[in-house]
Amino acid sequence: MYEANSIRGSIKFIDRYKQLISFEGLERHRHITPMDIDGFIDYAGNAFFYMECKLESKYIETGLDMGQKYAIEHIINAHIMANKMAAAIIFIHNSNPDEIIMARDMIVKEFYFDHKWRMANDSCTVLDAIEWFEKHCKKLNIYI
């Protein structure tokens, strides 16, 4: 059941990582339902970076679900209102269901920062986006 791996950020419970969580029966006011976030970095409570991954063909066809897009905007804006730095990215993949998606190498399509969605350049990887965010925080003397 447990496959030990000492590399930080690696999958520690390989047999559990494919386990799905159903939010069926949790529909709330205005027909909202819970959503998941695919990745999150908390920089000592001073800055926050959110990541959402989508299958490329689904993203091209429909983009990000509007409810999920609004939720991401609300999260980031709430951090900003609390005088914290925050950003989110949407990245895509073309992996088969049985393959592990190596997030660091995936291409970022959209970036939500400073109350605006922006398209990323065609070669921006998740790692590039994180490094940009960290440099921006350091430039503003935000402890990360």
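Checked against (1) part of a strand (DSSP E or B); (2) touching a residue at least 40 places away in the same chain (Cβ under 8 Å); (3) surrounded by fewer than 16 Cβ atoms within 10 Å (Cβ to Cβ), I100 passes all but a single condition, namely (1).
In the set Y143, Y50, Y112, Y70, only one residue is within 11 Å of the chain's Cα centre (by Cα) and more than 26 Å from Y17 (Cα to Cα); that residue is Y112.
Beta carbons closer than 9 Å, at least 6 apart along the sequence or on distinct chains, pair a first residue in the stretch 125-136 that is in contact (Cβ under 8 Å) with a residue 40 or more places away in the chain with a second that is crowded, with 16+ Cβ neighbours inside 10 Å and in a helix (DSSP H, G or I) for V126/A103. With respect to the stated conditions, E52 fails to be of a type in the set (D, E) and more than 19 Å from S10 (Cα to Cα). Restricting R16, R28 to those that are more than 22 Å from C124 (Cα to Cα) and exposed (fewer than 10 other Cβ atoms within 10 Å of the Cβ) reduces the list to R28.
Residue count for the stretch 88-144, restricted to those that are under 19 Å from A44 (Cβ atoms) and of a type in the set (S, T, Y): 1. Being without any contact (Cβ under 8 Å) to a residue 60 or more places away in the chain and within 27 Å of N141 (Cα to Cα) is the requirement here; does E56 meet it? No: the conditions fail for E56.
Scanning the stretch 67-93 for residues that are within 18 Å of K138 (Cα to Cα) and either in contact with a helix residue (DSSP H, G or I) (Cβ under 7 Å, 6 or more places away or on another chain) or of a type in the set (V, I, T) (or both) turns up I80, M85, A86, A87, A88. For the stretch 50-64, the set of residues classified as over 13 Å from E110 (Cα atoms) and either in contact with a strand residue (DSSP E or B) (Cβ under 8 Å, 6 or more places away or on another chain) or not basic (K, R) (or both) consists of L55, S57, E61, T62, listed by residue number.
Just so you know, all these numbers are worked out from the coordinates, no wet-lab data involved. Bear in mind the structure is a predicted one, so any value in this text is a computation, not a measurement. Cβ coordinates were reconstructed from backbone atoms using ideal geometry, including for glycine residues, and neighbour counts include every protein chain displayed.
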